[in-house]
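This is the structure I want to talk about, given as structure tokens.
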Amino acid sequence: MPRFFVYISILICMWGSVSIQADEPDVDIPDYRRLMFINSIIPGYAQVQMDKRTEGFLYMSSIPLKLAGEGILLFTIFRNLEGVKLSVRTTEDKTYLVSYRDDVIETSDYILLLSGMTLTLYGTLLSSYSQYEAQRTYMDRYAGYLGLNPVRSGADRLIDLLFAPFKPQNIFDPLVLPALVFSSAGSLGSSDVRSIGSYFTRDSVLFWGRQVSPWTGLGLAAGTGLLFVWANALWEEIAFRGFSLETMGTGYSSLTFGFAHLPNMLVPGISVEDTVLQTIAAIGFGFYSAELTKQNGYRLEKAVAFHFWNNMVAMVLGYLSNPDDTSGFNIGYRMSR
């Protein structure tokens, strides 16, 4: 999910969350908007001002991770510009795809892309959590003076959120497991089921431009998925069910979460129609995750577990149903038959 869209959403939440002045003249309450504005210029400022030095360190640690990750991504992109060429093709299911390269990039470039995205994702996770902790601390300390009614006290610990997807009480929760089964089954068509059924009958499958055994391919796909999904699910839940849900409500947090998926039409092999459907599904997902969070006292653990396994299962099933997808970077539009 593009981070710029999410940053704008979070800034709106910060701007609208606290605007009431204190009635107590003897209480020194820092201006929330000013605090967060300075924090966007001087990373860690807000956390240090509220004696949250560990969270300030997390914010500072996120900067080299994101810079390194984005630097690697830019290097890989520019390294492959020579092979870029514009072409238009039509697939059998009437999808018009605009491709920017026909060949498959080298395995070394796949590894560079993986490294860059991983560093960027985990850097974003650290900075998002640090901001979330700063907001929760501010509300705990000053909500009473500002005449606000916070939805909860304290913040989820980062270590608890990291292990939330693997706790049985989160996975087998009656509001989580049935929803996971429903979302996974609903995303599979009959052709996908047949493709997955034939996956293990093959002698070899393609992964990152190399032929490997089906079990090796499945392990690599699951491992790669775990690396991405773990950080992605956490920071998106922190941003949308942490920041947005508390400050702007269910509707805003769910709609912005859905609309943030619109740029996914730039992902290889995904058409405009697919992206619109995904956006609608993401809005529904956002509403459900918001209600799941509220049902659990605005604690994020169950929503994180739901988000993690939903994405993890989808990624693995997507690979099993189409392991030979080696399309280049493209934009597609699917016309009706």
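The values are calculated or read from the model by the stated rules, or taken from the named source; none is laboratory data. What you see is a predicted model, and the numbers here were worked out from it, not measured in a lab. Here Cβ is always computed from backbone atoms with ideal geometry, including for glycine, and neighbour counts include all displayed protein chains.
For residues that are closer than 15 Å to Q47 by Cβ and of a type outside the set (D, E, K, R), tally how many sit in the range 133-168.
7
Determine whether the range 180-201 contains at least one residue that is assigned to a helix (DSSP H, G or I), among the polar types (S, T, N, Q) and under 30 Å from Q295 (Cα atoms).
As a first pass, look at the range 180-201 and keep what is assigned to a helix (DSSP H, G or I): 180-186, 190-199.
Next cut, among the polar types (S, T, N, Q) only: 183-184, 190-191, 195, 198.
Adding the requirement that they be under 30 Å from Q295 (Cα atoms) leaves 183-184.
The answer is yes; a qualifying residue exists.
For the range 294-322, give me each residue that is of a type in the set (S, T, N, Q) and over 13 Å from A233 (Cβ atoms). Spell out the reasoning first.
Step one: list which residues in the range 294-322 are of a type in the set (S, T, N, Q), which gives 295-296, 310-311, 321-322.
Within the range 294-322, Q295, N296, S321, N322 meet the criteria.
With within 30 Å of Q135 (Cα to Cα) and surrounded by fewer than 23 Cβ atoms within 10 Å (Cβ to Cβ) as the only criterion, which of F228, F240 stands out? I'd like the intermediate steps shown before the answer.
Working: F240 fails: surrounded by fewer than 23 Cβ atoms within 10 Å (Cβ to Cβ).
None of the other options fit; the residue is F228.
Taking the residues in the range 136-170 that are assigned to a helix (DSSP H, G or I) and in contact with a Gly (Cβ under 8 Å, 6 or more places away or on another chain) as candidates, determine which candidate is surrounded by the most Cβ atoms within 10 Å (Cβ to Cβ). Steps first, answer last, please.
Keep residues of the range 136-170 that are assigned to a helix (DSSP H, G or I), which gives 136-146, 158-166, 168-170.
Restricting the remaining residues to those that are in contact with a Gly (Cβ under 8 Å, 6 or more places away or on another chain) gives 136, 140.
On the way: R136: 21, D140: 15.
Here the answer is R136.
Is one or more of the residues making up the range 280-303 modelled with pLDDT under 90, of a type in the set (S, T, N, Q) and either surrounded by fewer than 21 Cβ atoms within 10 Å (Cβ to Cβ) or not in a strand (DSSP E or B) (or both)?
So far as the range 280-303 goes, no, none of its residues is modelled with pLDDT under 90, of a type in the set (S, T, N, Q) and either surrounded by fewer than 21 Cβ atoms within 10 Å (Cβ to Cβ) or not in a strand (DSSP E or B) (or both).
Then there is this: Any residue in the range 33-53 that's on the phi > 0 side of the Ramachandran plot: show its pairings with residues that are in a helix (DSSP H, G or I) at Cβ separation under 7 Å, as long as the two are six or more apart or on different chains.
Pairs found: G44/G56; G44/Y59; G44/M60.
Still on this structure, please answer the following. Looking only at the range 30-78, filter to residues that are in a helix (DSSP H, G or I) and either among the acidic types (D, E) or touching an Asp or Glu at 6+ places or on another chain (Cβ under 6 Å) (or both); which one of those is farthest from S128 (Cα to Cα)?
Filtering the range 30-78 for residues in a helix (DSSP H, G or I) gives 32-41, 45-49, 53-78.
Those still in the list that are either among the acidic types (D, E) or touching an Asp or Glu at 6+ places or on another chain (Cβ under 6 Å) (or both) too: 47, 55, 70, 76.
Details: Q47: 12, E55: 10, E70: 17, T76: 26 Å.
The residue in question is T76.
On the basis of being modelled with pLDDT of 90 or more, closer than 24 Å to G286 by Cβ, assigned to a helix (DSSP H, G or I) and hydrophobic (A, V, I, L, M, F, W, C), does L119 make the cut? Give the derivation first.
Working: modelled with pLDDT of 90 or more: yes; closer than 24 Å to G286 by Cβ: no; assigned to a helix (DSSP H, G or I): yes; hydrophobic (A, V, I, L, M, F, W, C): yes.
Taking the combined requirement at face value, the residue does not satisfy it.
Being modelled with pLDDT under 85, at positive phi, over 15 Å from the mean Cα position of the chain (by Cα) and among the small types (G, A, S) is true for just one of G332, G269, G318, G328. Which residue is that?
G269
Between residues in the range 194-220 that are modelled with pLDDT under 85 and hydrophobic (A, V, I, L, M, F, W, C) and residues that are surrounded by fewer than 16 Cβ atoms within 10 Å (Cβ to Cβ) and not in a strand (DSSP E or B), which pairs lie under 7 Å by C-beta distance while being six or more apart or on different chains?
Matching pairs, first to second residue: L206/D324; L206/T326; W208/T107.
Condition first: in contact (Cβ under 8 Å) with a residue 40 or more places away in the chain and closer than 17 Å to L245 by Cα. Can you find one or more residues in the range 268-287 that meet it?
Residues of the range 268-287 that are in contact (Cβ under 8 Å) with a residue 40 or more places away in the chain, as a first pass: 268-274, 285-286.
With closer than 17 Å to L245 by Cα added as a condition, the list becomes 285-286.
Looking through the range 268-287, at least one residue is in contact (Cβ under 8 Å) with a residue 40 or more places away in the chain and closer than 17 Å to L245 by Cα.
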